[in-house]
Structure formats: structure tokens, C-alpha cells
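The values are calculated or read from the model by the stated rules, or taken from the named source; none is laboratory data. These numbers come from a predicted model, not from an experiment. So basically every Cβ, Gly included, is an ideal-geometry build from the backbone, and we count neighbours across all protein chains shown.
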Amino acid sequence: QVQLVESGGGLVQPGGSLRLSCAASGSIFSINYMGWYRQAPGKQRDLVATITSGGSASYGDAVKGRFTISTDNAKNTVYLQMNDLKPEDTAVYFCHAALRNTRREPVRSYWGQGTQVTVSA
């Protein structure tokens, strides 16, 4: 069993910053990549950013240049630094990990419970 525990969400004014964290724990042999997705009310879940264990990052078009994803592989933790936040960034942010529980098992997908980010004056 694997748990992804997110933290760092909250209320921030437009132009402000927040930093999200997500720590993976449990039965983990190796992590292929971790990332963040977000879902606003009535909308589909969209990619925010992903990063491989080797440090290769990719971003959704809406956040390029404003958000930065990073990892601490020793802690199985992924971070999302969000700058210049806009009201349209308001959503529930979900952590995602693609990992192997043991050396012989296939890669499986895990999700966190989500953390609310609200950008409002």
C-alpha cells in the first residue's frame, strides 16, 4: 500500500505564491515519476506538471513560466512552487505518482486526496 500526503494548499491573493508538497510512503521500490494535476469545479482534471526521477520536468501550457516542480528523491517527495497565481489557478490540486511496489511488479499509478488552492482577492 502506498500513501501520497499533500500539504501547502490554501487561500492566496492574485499575484501571490504557494508551495505544495507531496510525500509518498509505504511499499515503494522505485518511482518513475511524480506530478501534479488540478481539477476546477465542473471541469476535467488537467496536467499541471510532472517530473521524472532523473529530474526531467514538463508543464501544462497554463502554468509555464509561473510554476516550478522539483523533487527530493531521498524523501520520495515532490514540490510545486506556484508564483504569480491567478484566479483561474483555483482548483483542487492532486499529487500523482507512477511507481513500482517491488522490483518485479509493474508500474502502478497512485493519487493523493487533493488539496484546495483558492486564488481570490
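Ile51 meets each of the listed conditions (1) closer than 23 Å to Ser120 by Cβ; (2) touching a strand residue (DSSP E or B) at 6+ places or on another chain (Cβ under 6 Å) apart from (1). Just one residue in the set Arg104, Arg66 is free of Cβ contacts under 8 Å to residues at least 24 places away in the same chain and under 18 Å from Arg38 (Cβ atoms); that residue is Arg66. The residue of region 48-61 that is farthest from the chain's Cα centre (by Cα), among those that are assigned to a loop (DSSP other than H, G, I, E, B) and not charged (D, E, K, R), is Gly54. Filtering Ala121, Ala98, Ala74 for residues that are without any contact (Cβ under 8 Å) to a residue 60 or more places away in the chain and either surrounded by 18 or more Cβ atoms within 10 Å (Cβ to Cβ) or of a type outside the set (D, E, K, R) (or both) leaves a single hit, Ala74.
Results for (1) within 17 Å of Glu6 (Cα to Cα); (2) assigned to a loop (DSSP other than H, G, I, E, B), shown as yes or no for each residue.
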| position | (1), (2) |
| --- | --- |
| Ser25 | yes, no |
| Asn32 | no, no |
| Gly42 | no, yes |
| Val63 | no, yes |
| Asp84 | no, yes |
| Tyr93 | yes, no |
| His96 | yes, no |
| Thr102 | no, yes |
| Gln113 | yes, yes |
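Annotation note: of Ala97, Ala74, the sole residue that is over 17 Å from Gly16 (Cα atoms), at pLDDT 95 or above and of a type in the set (A, V, I, L, M, F, W, C) is Ala97.
For every residue, the table says whether it meets (1) at negative phi; (2) crowded, with 16+ Cβ neighbours inside 10 Å.
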residue: Val5; (1), (2): yes, no
residue: Gly10; (1), (2): no, no
residue: Gln13; (1), (2): yes, no
residue: Cys22; (1), (2): yes, yes
residue: Phe29; (1), (2): yes, no
residue: Tyr37; (1), (2): yes, yes
residue: Ala40; (1), (2): yes, no
residue: Gln44; (1), (2): yes, no
residue: Thr50; (1), (2): yes, yes
